[in-house]
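Working notes for the structure below.
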Amino acid sequence: MFDIRVLIDRMSVDKKEHIMHVAMELFAEKGFEGTSIRDLAQKADVNIAMVNYYFGSKEKLFEQLLAEKAQFMRTKIEAVESNETLTEIEKLDHIIDGYVTRFLTQPNFHRVFLQELLFNQRANLHQHVLSLFEKNTKDVVSIIEKGIKKKQFKKVDPQLTFISIVGTINQVMMSKEMCNTLMHESVEHNPYQDPKFKKRIIEHIKQMVHAHLIITTVS
């Protein structure tokens, strides 16, 4: 039997996801400060009241976008962490692949996210963003700690090792122009859509992590 309530719920979810998709595009294009609820409502072809109904404020909308991104990576990390067929270094390799791929998928939005972390203009939002990604950080750090305990890894600082991984990716994301300069590419080139550049980042980070972590035996 057809249930009209199911259809209404599905339409509501679709509308909410549509608003979030448009919001991500606007934040990426104009930044957090440059995007207004009015801009969003106009581009999404909905009224302002609907945006407020679903999210309450621009800050809450931004938080929800980041929550979905954090959850996406959390699912990936948990799947890797629970895979008993992988060694700890193989788990880290998979996580590096995931982080680089995720960041390069929406580079402009990730720059907005990084700017919010760097400038800390809204204390509540800043703290909420940190808490969203805290579980992901702990899970990756846990993998490094297990590698140390199993004597597969050197006795390094697990937290700073994770920061080094993410910090390298963040630095790449901060400036397309810097990437093109280092790569000797023209200003028109988009490194974030270049599969060779993606491969180069992934291989570089893995090389750093392997050299930093893996205990080499002398025969």
> Which ³J(HN,Hα) values, rounded to whole Hz and listed in residue order, are derived for the stretch 142-147 from phi using the Karplus coefficients 6.51, -1.76 and 1.60 in 6.51 cos²θ - 1.76 cosθ + 1.60 with θ = phi - 60°, glycine and proline given as x?
Replying inline: 4, 4, 5, 4, 5, x
> Could you name the lysines in cross-link range of K69, using Cα to Cα under 18 Å and dropping any fewer than eight places away on the same chain?
Replying inline: K16, K58, K60, K135, K138
> What does the charge add up to near K149, with Lys and Arg as +1, Asp and Glu as -1, over the other residues with Cβ less than 15 Å from its Cβ?
Replying inline: +2
> Hey, with R₀ at 45 Å, roughly what FRET efficiency would E203 and E134 work out to, going by the Cβ-Cβ distance, to 0.05?
Replying inline: 0.95
>> If you fit an axis through the alpha-carbon atoms of helix 195-213 and take the longest principal axis of the Cα set of the chain, what angle between them do you get, 0 to 90°, nearest 10?
In response: 50 degrees
>> Run the Debye formula on the Cα coordinates of the chain, all scatterers equal and no solvent, and tell me log10 I(q)/I(0) at q = 0.10, 0.15, 0.18 1/Å.
In response: -0.56, -1.07, -1.31
> For the stretch 112-195, rounded, prolate or oblate, judged on the Cα gyration tensor with a ≥ b ≥ c (square roots of eigenvalues), a/c < 1.5 rounded, else prolate if a/b > b/c?
Replying inline: oblate
> Taking a ≥ b ≥ c as the square roots of the eigenvalues of the Cα gyration tensor of the stretch 149-207, is the shape rounded (a/c under 1.5), prolate (a/b larger than b/c) or oblate?
Replying inline: prolate
>> Can you give me the C-alpha center-to-center distance between the stretch 170-219 and the stretch 40-89, rounded to a whole angstrom?
In response: 26 Å
> Based on Cβ point charges of +1 for Lys and Arg and -1 for Asp and Glu, what charge dipole magnitude is obtained for the chain about its Cα centre, in debye rounded to the nearest 20?
Replying inline: 460 debye
>> Computing the accessible area with a 1.4 Å probe over protein heavy atoms, can you report the carbon and sulfur percentage for the chain?
In response: 55 percent
> Relative to the longest principal axis of the chain, what angle (0 to 90°, nearest 10) does the C-alpha long axis of helix 88-105 take?
Replying inline: 40 degrees
> In sequence order, what are the phi-derived ³J(HN,Hα) couplings for the stretch 64-71 according to the Karplus relation 6.51 cos²θ - 1.76 cosθ + 1.60 with θ = phi - 60°, rounded to whole Hz, with x for glycine and proline?
Replying inline: 5, 4, 5, 4, 5, 5, 5, 5
> Roughly how many Å² is the accessible area per residue of the stretch 62-111, as a whole number, for a 1.4 Å probe?
Replying inline: 43 Å²
> Of K150/K206; K149/K198; K176/K196, which pairs sit farther than 22 Å apart, going by alpha carbon to alpha carbon?
Replying inline: K149/K198
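The values are calculated or read from the model by the stated rules, or taken from the named source; none is laboratory data. Bear in mind the structure is a predicted one, so any value in this text is a computation, not a measurement. Virtual Cβ from ideal backbone geometry, glycine too; neighbours counted across all protein chains shown. Accessible surface is based on the protein model in full, side chains and every heavy atom, while ligands, DNA and RNA are left aside. Shrake-Rupley method; radii C 1.70, N 1.55, O 1.52, S 1.80 Å.
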